[in-house]
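My structure is below; once you've seen it, I'll send some questions.
The values are calculated or read from the model by the stated rules, or taken from the named source; none is laboratory data. Predicted, not measured: the structure shown is a model, and the values here were computed from it. When the accessible area is computed, the model is the full protein with side chains, heavy atoms only, and any ligands, DNA or RNA have been set aside. Shrake-Rupley method; radii C 1.70, N 1.55, O 1.52, S 1.80 Å.
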Amino acid sequence: MLRPKIPTMPTLTGQVTPPVVVEPTTIVPASQTPPPASVAPAPARPTVQLTPGTALALVGGGTAVVLVVGAVLVSMLLAVAITGASVAVCAVVLRSLLASETKRR
């Protein structure tokens, strides 16, 4: 009743073309052209000037990011610890209930 059907290998249909033989081509070097005249280098990007105000803003922003990430990680760790403790308390309560049930009989 529940026998799996094994698929058969499909046969090729249509015209089958034989593989094409690729012959290597010879590479003819082009005549040597003189190198182009030296081009003036593009002007470098201007350097970023850090004023005391921007440095203070960068330090303050970095500190805020570190504090926020630290608070998130600590809260996640605290949530895991509280969950583990509550599971342990539930296990102790269930164990004592089961132990007292077996003593009555």
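Quick check, is Val48 among the hydrophobic types (A, V, I, L, M, F, W, C) and at pLDDT 95 or above?
Numbers: among the hydrophobic types (A, V, I, L, M, F, W, C): yes; at pLDDT 95 or above: no.
So Val48 does not fit the description; no.
Hey, can you tell me all the residues within region 73-84 that are open to solvent by less than 70 Å² (accessible area, probe 1.4 Å) and of a type outside the set (Ser, Thr, Tyr)? Step through it out loud before you land on a result.
From region 73-84, those open to solvent by less than 70 Å² (accessible area, probe 1.4 Å) are 75, 79, 81, 84; that's our starting set.
Listed by number, the residues that qualify are Ala79, Ala81, Gly84.
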